[in-house]
Amino acid sequence: MSQSPRQGQSGRPDRRNRSGGDQQRRNAQGRTRNRGTSGGPRQFSANAPSQRRRTADPSRLVAFEVMRAVARDDAYANLVLPHRIRQHRLDHRDAGFATELTYGALRLQGTYDAILTECVDRPLKDLDVDVLVALRLGGHQLLSMRVPAHAALDSTVALVRSEIGAGPSGLVNAVLRKVSAKDLDTWLAEVAPGDTDDAVAVRSAHPRWIVRALRQALVSHGRPADELADLLAANNTAPIVNLVSLPGLGDLEPVLEQGAQPGPLAPDSALYRGGDAARLPGVKEGTVRVQDVGSQLTARALVATPRAAGSPETEATREGEVWLDLCAGPGGKAALLAALAAEQGATLVANEVAPHRARLVENALAPVPHDSWTVRTGEGQSIGADYPDGFDRILLDAPCTGLGALRRRPESRWRRQPSDLPTLTSLQRELLEAAVGALRPGGVLAYVTCSPHQAETMLQVHDVRRRHPDLELLDSQATLAGVAVTTEDGESTLALELLGARPETGTGTTAQLWPHLHATDAMFLALFRKAPTSADDLEDPSDG
């Protein structure tokens, strides 16, 4: 009869003397062995139990809190992250780590989910959201950051133990050990072989429908389809912070003294790589603003366009003109337009449909003299009926899919769906119709989207021109290049051949910026001028 194992006080077998006792399971530093791979040698863990982390370090905790807010509450990382960094009082180095970890894990979420699917014994949708967030953070550290594997594992498990619970920490530890067994290239060769759209989607961390839409967008704007790989890669590259000094109000010199560099494309702009831009001189006061250079250029292009052809006095002055920013929230372009209006004797009406966003617009405009602007809260679609022929210049920065800003808003690629397009394009059409009704004869309309999608750009241009033959499509490329910084020999720093496509009919052009070509968001611009109906329309609007 075989002898039964010794029983401890708990009633469970006492295994202290199996395999030579407890000392057999620890090395001289007290580190325990894991079970290793099947049939392989056992290995010691990085730390003894008493040395393992029990709490999350602040930078990883910030990244976890931001990604959890994005996943649970549909929050925007660019709004939550600065608040969390300040709340946890991260220093410059830790803030940089938290930023890289947060945005990197969000951008490459689709890639990591494909890898995690191979390492988890259940569908990812069945995991607790917080656990999935922690796995993505751990995966990014293991596969795409210069973090030692043991540090990525220990810190992520400690984070889970602290913020979620001890039970899930075991699952996270086991899954991330599987992830760490291969590098990123090896994983991608396994989970995304070949050149199909599905494989490209996984490797580039873009949904398949966006991969297809961006390929089509390149072609529709006159670019070769084989630029797709560069465009997708640019979307996964952290953008440099773009700054603009409001004309007549801001001062870039102190910002340049803090390490910023003069912007190569737009006047009064700068590029900043030094971390939290909120700490720069003028940013807190609102006279220096964070704004993508593509947005800066489209606003300046609207102001630079002559209001009526053949009217020299309107080319020289904007005195007495009334401008409209039809979809002004949260106020970045409105602030630049208002500052330009104040310099040139015009006034700006900034319209926003949502009251809370209208308050953001008011805050953005606060540094500009208050007699140069007003804020209207109301439906954009009613502006034509409420103010027929009421504005000399209109900026319609239309709500869109945001496919041109995937670098800055990494979570949006996972939220947007093809089913969003019909609603958005219908709204764009309605807003364009309202803008045409509110535009004074001889006035200028800038249609802008932060998306290169064909349905939101070229098709809208063709559609509005078909409905309104009195709208002249202007040379948007030349105008955009004309407001850019010039070199010493007077040449524009924007290459015209890279900007956009010429529609099939007419002599005008549209302009399309690209992150892989211009290091800007993929901003689209179409400039229109409404035909004058009489000689009076060529006169300065202040006369009437």
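Considering only residues of region 424-446 that are of a type in the set (A, V, I, L, M, F, W, C) and in a helix (DSSP H, G or I), which is farthest from His468 (Cα to Cα)?
Result: Leu424.
Quick one: would you say Ala229 is buried (at least 17 other Cβ atoms within 10 Å of the Cβ), small (Gly, Ala, Ser) and within 30 Å of Ala484 (Cα to Cα)?
Working: buried (at least 17 other Cβ atoms within 10 Å of the Cβ): no; small (Gly, Ala, Ser): yes; within 30 Å of Ala484 (Cα to Cα): yes.
Considered against the rule, which asks whether it is buried (at least 17 other Cβ atoms within 10 Å of the Cβ), small (Gly, Ala, Ser) and within 30 Å of Ala484 (Cα to Cα), Ala229 comes out as no.
If I ask for residues that are within 25 Å of the chain's Cα centre (by Cα) and farther than 18 Å from Arg177 by Cα, which ones from region 126-157 would you list?
Residues satisfying the conditions are Val129, Asp130.
Of all residues in region 386-428, which are surrounded by fewer than 16 Cβ atoms within 10 Å (Cβ to Cβ) and among the basic types (Lys, Arg)?
Arg415
If you go through region 143-177, how many residues are surrounded by fewer than 20 Cβ atoms within 10 Å (Cβ to Cβ), under 23 Å from Ala114 (Cβ atoms), of a type outside the set (A, V, I, L, M, F, W, C) and in contact (Cβ under 8 Å) with a residue 24 or more places away in the chain?
3
Can you confirm whether Leu326 is of a type outside the set (Lys, Arg) and crowded, with 21+ Cβ neighbours inside 10 Å?
yes
Being surrounded by 18 or more Cβ atoms within 10 Å (Cβ to Cβ), of a type in the set (Val, Ile, Thr) and either modelled with pLDDT of 95 or more or at positive phi (or both) is true for just one of Val290, Val255. Which residue is that?
Of Val290, Val255, the one residue that is surrounded by 18 or more Cβ atoms within 10 Å (Cβ to Cβ), of a type in the set (Val, Ile, Thr) and either modelled with pLDDT of 95 or more or at positive phi (or both) is Val255.
Would you call Asp113 crowded, with 19+ Cβ neighbours inside 10 Å, acidic (Asp, Glu) and either under 22 Å from Ala278 (Cβ atoms) or in contact (Cβ under 8 Å) with a residue 12 or more places away in the chain (or both)?
yes
In this structure, is Asp195 loosely packed, with under 13 Cβ neighbours inside 10 Å, under 29 Å from the mean Cα position of the chain (by Cα) and not in a helix (DSSP H, G or I)?
When the stated conditions are applied, Asp195 passes them.
Return yes when Gly378 is farther than 22 Å from Thr298 by Cα, at pLDDT 95 or above and assigned by TED's automatic domain parsing to the domain that holds Ala350 and no when it is not.
Here the answer is yes, as Gly378 does meet what is asked.
Quick test for you: out of Leu513, Leu480, pick the one residue that is buried (at least 24 other Cβ atoms within 10 Å of the Cβ), closer than 21 Å to Arg318 by Cβ and at pLDDT 65 or above. Outline the logic, then answer.
On the way: Leu513 fails: closer than 21 Å to Arg318 by Cβ.
Within the list Leu513, Leu480, the selection yields Leu480.
The values are calculated or read from the model by the stated rules, or taken from the named source; none is laboratory data. Nothing here was measured: the structure is a model prediction, and the numbers come from that model. Every residue, glycine among them, receives a Cβ derived from its backbone with ideal geometry; neighbour counts consider all protein chains shown.
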